[in-house]
Amino acid sequence: MIYSTVPTHTLLENVMENSHISALQAKRDALKARIHMELSRPLPDSTRLAVLKKQKLRLKEELLGT
């Protein structure tokens, strides 16, 4: 008996998923840079840092969920 497997993702879906992951990684990298810049200031804004770090954490969670 021969069983064939049906792909769960089409090529387009795979490309779209990879694009989404790449976009999330780019956003994460931009947030890392903003956090670094804020920490480099003589008087970092702790509220701004908290917001940036929460955004970065949300992106990380979304990346792990994909």
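The values are calculated or read from the model by the stated rules, or taken from the named source; none is laboratory data. All figures in this text were calculated on a predicted structure; none of them were measured in a lab. Here the Cβ is made from the backbone with ideal geometry for all residues, glycine too, and neighbour counts use every protein chain on show.
Taking into account only those residues within region 12-29 that are surrounded by 13 or more Cβ atoms within 10 Å (Cβ to Cβ) and not β-branched (Val, Ile, Thr), which is farthest from the chain's Cα centre (by Cα)? If you could, list the steps in order and put the result at the bottom.
Narrowing region 12-29 to residues surrounded by 13 or more Cβ atoms within 10 Å (Cβ to Cβ): 20-21, 24, 27-28.
Retained after the next criterion (residues that are not β-branched (Val, Ile, Thr)): 20, 24, 27-28.
On the way: His20: 8, Leu24: 3, Lys27: 6, Arg28: 5 Å.
Taking the candidates together, the pick is His20.
Give the residues of region 31-66 that are outside any helix (DSSP H, G or I), charged (D, E, K, R) and surrounded by 11 or more Cβ atoms within 10 Å (Cβ to Cβ), sorted by residue number. Spell out how you get there, then give the answer.
Kept after step one, since they are outside any helix (DSSP H, G or I), are these residues of region 31-66: 41-45, 66.
Imposing the further condition that a residue be charged (D, E, K, R) reduces the set to 41, 45.
Asp45 - this is the single residue of region 31-66 that is outside any helix (DSSP H, G or I), charged (D, E, K, R) and surrounded by 11 or more Cβ atoms within 10 Å (Cβ to Cβ).
Looking at the structure I just gave you, is Ser40 modelled with pLDDT of 85 or more, under 23 Å from Leu63 (Cα atoms) and among the hydroxyl-bearing types (Ser, Thr, Tyr)?
Numbers: modelled with pLDDT of 85 or more: yes; under 23 Å from Leu63 (Cα atoms): no; among the hydroxyl-bearing types (Ser, Thr, Tyr): yes.
Answer is no for this residue.
Is it the case that some residue within region 5-20 is among the charged types (D, E, K, R), touching a Leu at 6+ places or on another chain (Cβ under 8 Å) and modelled with pLDDT of 85 or more?
Of all residues in region 5-20, those among the charged types (D, E, K, R) come to 13, 17.
When the remaining residues are screened for being touching a Leu at 6+ places or on another chain (Cβ under 8 Å), the result is none.
Checked region 5-20: no residue is among the charged types (D, E, K, R), touching a Leu at 6+ places or on another chain (Cβ under 8 Å) and modelled with pLDDT of 85 or more.
Find all pairs meeting these conditions: Cβ atoms under 6 angstrom apart; at least six residues apart or on different chains; first residue within region 39-66 and among the hydrophobic types (A, V, I, L, M, F, W, C); second residue surrounded by 13 or more Cβ atoms within 10 Å (Cβ to Cβ).
Taking only residues 6 or more apart or on different chains, the pairs are Leu49/Glu38; Leu52/Leu31; Leu52/Arg34; Leu52/Ile35; Leu59/Leu24; Leu59/Lys27; Leu59/Arg28; Leu63/Leu24.
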